[in-house]
1. Within segment 2-22, restricting attention to residues that are basic (Lys, Arg) and modelled with pLDDT under 90, which residue is nearest to Ala69 (Cα to Cα)?
2. What residue, among those in segment 58-70 that are in a helix (DSSP H, G or I) and at pLDDT 95 or above, is most open to solvent (accessible area, probe 1.4 Å)?
3. Residue by residue through segment 35-50, note down the ones that are open to solvent by less than 30 Å² (accessible area, probe 1.4 Å) and either in a helix (DSSP H, G or I) or free of Cβ contacts under 8 Å to residues at least 12 places away in the same chain (or both).
4. I'd like to check something: does segment 87-97 contain any residue that is open to solvent by 60 Å² or more (accessible area, probe 1.4 Å), modelled with pLDDT under 90 and in a helix (DSSP H, G or I)?
5. Can you report the number of residues in segment 94-122 which are over 20 Å from Tyr38 (Cα atoms) and either of a type in the set (Gly, Ala, Ser) or touching a residue at least 60 places away in the same chain (Cβ under 8 Å) (or both)?
Amino acid sequence: MATKKKQKTKAVSYLRCSGLGQTGGDTWDRQQAAINKYAKRCKLQLVDEFRDEGISGTKEIEGRPGLAALLDRVETNGVKVVLVENATRLARDLMVSEVILQQLADAGCEVIAADSGTELTADTDDPTRRLIRQVLG
C-alpha cells in the first residue's frame with residue numbers, strides 16, 4: 001500500500017532594508033538565512049519572496065511595492081503564511097506595524113518572525129499579545 005506524502009505548508013517571505021547603501025552588505029543573506037532556517041525547521045515550503053529595497057520601515061503598505069505585491073498574492077492564491085526575519089523588517093513604526101499586521105490578518109495570514117518564532121498576527125485584539133508584538137517591533 002502506497003503512503004501519501006504530506007504536503008508542506010506553503011509560505012512566502014518578506015525582506016526589507018531601509019537604506020540603498022545596505023543592499024550591498026549582508027542584509028539580504030542574513031534575512032534569507034533566518035527565514036530559510038525557520039522554514040526548514042517548521043517544514044514550510046517557501047514559494048515566493050518579496051522585497052522592498054531602500055524603503056523605510058515607517059512607510060505604510062501603499063508606499064512599499066514589494067509588500068503590496070505580497071498582500072495581493074496572499075489575498076488571491078491561498079498562501080497564508082508570511083515569514084519575516086524579525087518584527088522590525090515588517091515595520092519600524094508602531095502604528096504602521098499594527099495596520100500592516102491587521103491587513104495581513106484580515107487576508108487570513110499568519111505573519112511569523114523567524115528569529116523568535118513569534119506569530120505577530122496572533123490574537124490581534126488580545127492586549128497582552130499586542131504588547132509583546134509592540135515590544136518586539
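1. Of the residues in segment 2-22, the ones basic (Lys, Arg) are 4-6, 8, 10, 16.
Going one step further and asking which of them are modelled with pLDDT under 90, we end up with 4-6, 8.
On the way: Lys4: 33, Lys5: 31, Lys6: 29, Lys8: 23 Å.
My answer is Lys8.
2. Initially, segment 58-70 is screened for residues in a helix (DSSP H, G or I), giving 61-63, 65-70.
Those left that are additionally at pLDDT 95 or above: 65-70.
Values: Pro65: 90, Gly66: 9, Leu67: 2, Ala68: 44, Ala69: 43, Leu70: 0 Å².
Filtering segment 58-70 for residues that are in a helix (DSSP H, G or I) and at pLDDT 95 or above, the one most open to solvent (accessible area, probe 1.4 Å) comes out as Pro65.
3. Correct list: Ile35, Tyr38, Ala39.
4. Yes, some residue in segment 87-97 is open to solvent by 60 Å² or more (accessible area, probe 1.4 Å), modelled with pLDDT under 90 and in a helix (DSSP H, G or I).
5. 4
The values are calculated or read from the model by the stated rules, or taken from the named source; none is laboratory data. Here the structure is a predicted model, which is why all the values come from computation and not from measurement. Please note: Cβ atoms are built from the backbone with ideal geometry, for glycine as well, and neighbour counts cover all protein chains shown. Note: accessible area is taken over every heavy atom of the protein model, side chains too, but ligands, DNA and RNA are not part of it. Shrake-Rupley method; radii C 1.70, N 1.55, O 1.52, S 1.80 Å.
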